[in-house]
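Student: Before I ask anything, here is the structure I am working with.
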Amino acid sequence: MRDSPRMAGFSTLFRKEITRFWKVSFQTVLAPVLTALLYLLIFSHVLEAHVQVYPGVRYTAFLVPGLAMMSLLQNSFANSSSSLIQSKITGNIIFVLLPPLSHFEFFAAYVLASVVRGVMVGFGVFAITALFVPVPVKDPLWVLSFALLGSALLGTLGIIAGIWAEKFDQLAAFQNFIIVPLTFLSGVFYSMHSLPPFWQEVSRFNPFFYMIDGFRYGFFGVSDVSPRLSFMIVGGCLLALSFATLSLLKRGYKLRH
Amino acid sequence: MRALVDIDLDIPKGEFFALLGPNGAGKTTLISILAGLARADAGTLKVMGHDVTADYRNARRSLGVVPQELVFDPFFTVRETLQFQSGYFGLGRNDDWVDEVMAKLDLTNRADFNMRALSGGMKRRVLVAQALVHKPPVIILDEPTAGVDVELRQGLWQFIRQLNGDGHTIVLTTHYLDEAEALCSRVGMLKQGKLVALDSTHNLLKGYSGARLRLRLAQGVLPPALAPLVTTAPTNGEYLLALHDYAQVESVLAEIRTSGLTVMFMELEQPDLEEVFVEIMRRD
């Protein structure tokens with residue numbers, strides 16, 4: 001069956017974004033999986049004997065979903081943001097601005113490609129770490145839901161960063177001062193309940209915490225807050241960011257003069 | 001400061017139109033607004049009757065733009081670049097036309113080369129091919145031959161002429177005014193965002209610059225009565241006189257005869273678009 005002209009535009013942009021990261025999959029998929037594996041090996045070696053976050057769950061096993069989600073989120077962000085900033089700086093963004101693509105098609109193609117890369121990396125991390133430590137999957141639906149919501153949210157954030165940034169160092173600042181701290185301080189390596197009360201309260205304002213906590217619930221059936229609450233918060237953030245991003249794209253913010 | 005002011009321009013279907021102007025005159029801004037890359041504060045622009053804002057999908061489908069900058073996506077081959085570009089315009093399976101465009105632009109043997117591996121001239125050809133993959137009725141070429149060698153330039157113009165002959169409307173901006181003169185049937189000139197000239201190439205050449213008479217005398221110097229017509233100091237005994245029209249040749253020769261002088265060499269030169277352009281830019 002042939003795509004309608006409108007769907008063909010969207011599906012082509014989506015396919016192009018997938019092809020783009022797949023052509024450098026060593027850098028975009030394998031490297032983050034290896035990085036996550038190194039985290040796992042080092043942290044589990046140092047802390048395995050000293051920390052038990054959930055009763056009956058080894059620290060190394062506890063770490064796996066957090067690392068998978070952290071990698072998923074960071075790579076989802078990297079996909080849309082790096083594609084856009086490269087296209088803007090090299091000038092080839094013109095090739096997607098000249099065709100009759102709507103702002104919604106533009107948004108959907110970049111976000112979905114980010115979801116694909118994020119989920120591939122997340123699954124890769126989970127698969128490779130499973131060779132070292134068995135991790136149960138209590139509720140795959142929650143795992144999938146948070147993987148999709150989280151990658152879509154970070155893919156959306158990547159679009160905002162990509163169209164806002166005018167130089168690579170601005171994008172690096174966005175990544176290093178916002179995305180990385182929020183992911184590291186979201187409970188990848190610890191449970192929120194192990195923090196002092198003040199920092200527990202601070203963590204509640206970090207949307208990344210809900211993504212990782214809800215994702216981890218899908219594996220162990222245990223979490224710091226209710227997965228339904230996490231789902232609503234992450235879903236709400238995704239809706240709000242999507243609305244903001246669509247509005248920026250519709251106005252042509254920093255894309256069309 | 002306004003980039004474009006009171007532009008009222010209608011380019012009929014099938015025309016080969018030149019949009020000329022010095023750097024910063026507003027040519028690229030006008031093209032950007034037509035292509036949806038920039039937005040006008042006021043006014044209406046239509047491509048094939050489709051408003052570029054309200055009916056942007058049809059307006060953009062009707063338009064192929066060859067950008068001024070030599071831009072490319074380093075991730076892809078020539079064929080992938082063209083297939084993706086075709087798909088963005090809603091033409092999912094367009095391989096036959098993509099192959100045809102590559103053949104016409106002599107890109108077939110580079111089809112599977114990465115864009116980074118191409119020379120500047122070849123990248124320029126790919127830009128032209130990208131503008132054509134969706135078979136637009138209107139093609140805008142924004143300085144397409146800047147930095148392009150003679151062979152490619154000639155090949156490119158042959159192809160563009162063929163497209164124009166097939167009914168495509170062509171809008172060309174260029175700093176090579178000899179190209180515009182040779183190719184375009186009508187010319188618009190922009191200066192500081194204003195359209196200061198709009199006429200057929202023929203009328204502009206006829207109306208804005210008289211003929212020039214180059215002559216050498218057998219002996220003596222030019223009579224003082226003709227001195228106001230001399231444009232530049234004589235070199236190797238040759239004078240260059242600016243005439244208002246061809247009829248003035250007779251009075252010049254009569255003055256020379258009356259002064260007892262003899263013409264040894266004489267040549268009438270046609271005005272070119274560059275002279276017209278310089279004159280209009282100076283005057284307006």
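Only the coordinates and a few stated rules stand behind these numbers; no lab work does. Predicted, not measured: the structure shown is a model, and the values here were computed from it. Neighbour counts run over all protein chains shown; Cβ positions are idealised from the backbone, glycine included.
Student: Report the extension gain between residue B:135 and residue B:185 in nm, rounded to one decimal, defined as 0.36 nm multiplied by the number of residues separating them, less their alpha carbon distance.
Tutor: Length gained, residue B:135 through residue B:185: 15.8 nm.
Student: Under a plain spin-label model, where a point goes 7 Å from the Cα along Cα-to-Cβ, how far apart in nm are residue A:177 and residue B:214?
Tutor: Modelled inter-label distance: 6.5 nm.
Student: Within a Cβ distance under 14 Å of residue B:43, other residues only, what is the Lys/Arg minus Asp/Glu net charge?
Tutor: -1
Student: Report the net charge of residues surrounding residue A:167, where surrounding means a beta-carbon distance below 14 angstrom and charges are Lys +1, Arg +1, Asp -1, Glu -1.
Tutor: 0
Student: Pairs of Cα atoms under 8 Å, at least six residues apart: use those to get the relative contact order of chain B, whole percent.
Tutor: It rounds to 22 percent for chain B.
Student: If you place +1 on the Cβ of every Lys and Arg and -1 on the Cβ of every Asp and Glu, how big does the dipole about the Cα centre of the protein assembly as shown come out, in debye to the nearest 20?
Tutor: My answer is approximately 1540 debye.
Student: Any idea what the relative contact order of chain A is, in percent, if you count C-alpha pairs under 8 Å spaced at least 6 apart?
Tutor: Contact order relative to length: 25 percent.
Student: So, one more: Where is the GNM fluctuation largest for chain B (alpha-carbon springs, 10 angstrom cutoff): B:90, B:220, B:193?
Tutor: Looking only at B:90, B:220, B:193, the biggest GNM fluctuation is shown by B:220.
Student: Nothing charged except the Cβ atoms of Lys and Arg (+1) and of Asp and Glu (-1): what's the magnitude of the dipole of chain A about its Cα centre? Round to the nearest 20 debye.
Tutor: That gives chain A a dipole magnitude of about 780 debye.
Student: Separate question: Convex hull volume of the Cα atoms in chain B, per residue, in Å³?
Tutor: Convex hull of Cα atoms, per residue: 158 Å³.
Student: So what's the angle, to the nearest 10 degrees on a 0 to 90 scale, between helix A:140-164 and the longest Cα principal axis of chain A?
Tutor: It works out to around 50 degrees.
Student: For the range B:209-272, taking Cα atoms only, what is the radius of gyration to one decimal and the Dmax to the nearest whole Å?
Tutor: My reading of the Cα-based Rg and Dmax gives 10.8, 33 Å.
Student: Compute the FRET efficiency between residue B:23 and residue A:132 as 1/(1 + (r/R0)^6), taking r as their Cβ-Cβ distance and R0 = 41 Å, and round to the nearest 0.05.
Tutor: That gives a FRET efficiency of 0.05.
Student: Angle check, please: helix A:207-220 long axis (alpha carbons) against the longest principal axis of chain A (alpha carbons), in degrees 0 to 90, nearest 10.
Tutor: 60
Student: While we're on this one: Any idea which of A:149, B:130, B:236 is furthest toward the positive side of the dipole for the protein assembly as shown, if Lys and Arg beta-carbons carry +1 and Asp and Glu beta-carbons -1?
Tutor: It is A:149.
Student: Given a Förster radius of 30 Å and the C-beta distance between residue B:70 and residue A:250 as r, what FRET efficiency does 1/(1 + (r/R0)^6) yield to the nearest 0.05?
Tutor: Efficiency, from the Cβ-Cβ distance: 0.50.
Student: Tell me the relative contact order for the range A:111-257 as a rounded percent, counting alpha carbon contacts under 8 Å between residues six or more apart.
Tutor: Contact order relative to length: 33 percent.
Student: How much net charge surrounds residue A:213 when only the other residues with a Cβ under 13 Å from the Cβ of residue A:213 are counted, with Lys and Arg +1 and Asp and Glu -1?
Tutor: Local net charge: +2.
Student: Helix-only mean residue ellipticity at 222 nm, chain B, DSSP H runs n ≥ 4 weighted -39,500 (n - 2.57), per residue, nearest 500. What is it?
Tutor: So the helix-based figure for chain B works out to -10500 deg cm²/dmol.
Student: With a point put 7 Å past each Cα toward its Cβ, work out how far residue B:150 is from residue B:247 in nm, to one decimal.
Tutor: 4.1
Student: A follow-up question, please. If you scale each eigenvalue of the Cα gyration tensor by 5 and take the root, what three semi-axes come out for the protein assembly as shown, rounded to whole angstrom and sorted largest first?
Tutor: 66, 21, 21
Student: Taking residue A:88 as the anchor, which lysines have their alpha carbon closer than 23 Å to its alpha carbon, excluding any fewer than eight residues away along the same chain?
Tutor: Output for residue A:88: A:16, A:23, A:167, A:250, A:254, B:27, B:123.
Student: Still on this structure: How far apart, in nm, are the 7 Å Cα→Cβ label points at residue A:90 and residue B:176?
Tutor: Label-label distance for residue A:90 and residue B:176, simple model: 2.7 nm.
Student: Can you compute the charge dipole magnitude of chain B about its Cα centre, using +1 on each Lys and Arg Cβ and -1 on each Asp and Glu Cβ, nothing else charged? Give it in debye, rounded to the nearest 20.
Tutor: Here chain B has a charge dipole of around 480 debye.
Student: I've got another one for you. For the Cα atoms of chain A, what angle does the longest principal axis make with the long axis of helix A:103-129, in degrees from 0 to 90, nearest 10?
Tutor: 30
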